[in-house]
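Taken together, the values in this text are just the output of simple stated rules run on the coordinates, not laboratory data. Small disclaimer: the values here were computed from a predicted structure and weren't measured. Neighbour counts are summed over all protein chains in view; Cβ atoms, including those assigned to glycine, are modelled from backbone coordinates with ideal geometry.
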Amino acid sequence: SLHGKTALITGSTSGIGLGIATALAEAGANIVLNGFGEIDTAHKQIAQHGVAVIHHGADLRRPDEITDMMAFAAGEFGAVDILVNNAGIQHVAPVDDFPTEKWDDVLAINLSAAFHTIRLALPAMREKHWGRIVNIASVHGLVASSNKSAYVASKHGLVGLTKTVALELAHTGITCNALCPGWVLTPLVAKQIEAKAREQGLSQAQAQALLLAEKQPSGAFVTPAQLGALTLFLASEAAAEVRGVAWTMDGGWTAQ
Ligand code: NAD
């Protein structure tokens, strides 16, 4: 049980982050939400598990706002025990046509934000001799796809950061690991399905089937609830010696 523990999940107003926040709340953790959009809906979904929940709207492109968010979490709950770096964005374009400001945003949100939350969360975790850091990377932290230079670079970087932090903390009760999901049907992927349907003159259902067929042998989406369950395991005592892994949940994508 995670009663008495506090989990901060970045980008948790939607998709995978909300699924992970829900799993941690079910196990009794107090929750710090972050992200834009449907904040009230996310808040209600978490609160129904009887845990304390707060939201901070830090824009993760801004280190000063990340500092505010971490101070806010510590002020409300004492410390962050479980840190899930989940927020991420995608932009699809060939490298020689990639908008430079998009490159900066992808790297800032998908990679640099995790550096900042980790460095700010660690002092309190060290004091408690316990902590769990889970970085939501991607299969694109392990392999590439065309037209996703910033995303693939950021996710490979996040896996590298994960391994380094895990080694630095190897003699402590703090673990750091990465999850590498394949396709999950969230707003981030819905946009790519819509683009595919538009470009190739397909129905949504056809575009969705094609997207899965290209990369994911199972032909089925991974779900936020499945990723929530895996995060819950990594937060458990049974996972105390899982350190520095890049753990796939990808319907066979990277087995090919
Ligand atoms: P999503 O678009 O549903 O959710 C993204 C979340 O991040 C939202 O809560 C959004 O408000 C927040 N966010 C975006 N920009 C932000 C910013 N500047 N500051 C603060 N919050 C911000 O996406 P998702 O599919 O749930 O993705 C979550 C993570 O999982 C991402 O890191 C993504 O790369 C990764 N991932 C997704 C898939 C997939 O197939 N969906 C696969 C592998 C990895």
Where does each of 63-69, 213-219 land if you order them by average Cβ count within 10 Å, highest first?
63-69, 213-219
Amide H partners (placed H, <5 Å) of Gly131, local residues excluded:
Ile174, Thr175
One finds the C-alpha centres of the range 25-80 and the range 203-256 to be spaced, in Å, by 24
Quick one: which residues, 5+ away or cross-chain, put their amide H under 5 Å from the amide H of Ser145? H built at 1.01 Å from N.
none
Given Lys163/Lys215; Lys44/Lys155; Lys102/Lys215; Lys128/Lys148; Lys102/Lys163, which pairs have Cα atoms separated by over 29 Å?
Lys44/Lys155; Lys128/Lys148
When N is the residue count of the chain, what does its C-alpha Rg come to as a fraction of 2.2 N^0.38 Å?
0.97
Tabulate in residue order the Karplus-calculated ³J(HN,Hα) for the range 75-82, using 6.51 cos²θ - 1.76 cosθ + 1.60 with θ = phi - 60°, rounded to whole Hz; enter x for Gly and Pro.
x, 7, 10, x, 6, 9, 8, 10
Diffing the range 204-211: the Karplus 3J(HN,Hα) column from phi (6.51, -1.76, 1.60, θ = phi - 60°), in whole Hz with x for Gly and Pro, holds 4, 5, 5, 5, 5, 5, 5, 4
To one decimal place, what Kirkwood hydrodynamic radius in Å is obtained for the range 114-240 from all pairs of distinct Cα atoms?
16.4
Around Lys215, under 14 Å between beta carbons, what's the net of Lys plus Arg minus Asp minus Glu among the other residues?
0
Under 15 Å, Cβ to Cβ, from Leu232 - net charge with Lys/Arg +1 and Asp/Glu -1
-1
Defining a contact as two alpha carbons under 8 Å apart and six or more residues distant in sequence, what relative contact order in percent does the chain show?
20
Nonlocal amide H pairs with Leu179, under 5 Å, H built at 1.01 Å:
Asn135, Ile136, Ala137, Trp247
Cβ neighbours within 10 Å, averaged per peptide: list 187-197, 21-31 in order, most packed at the top.
21-31, 187-197
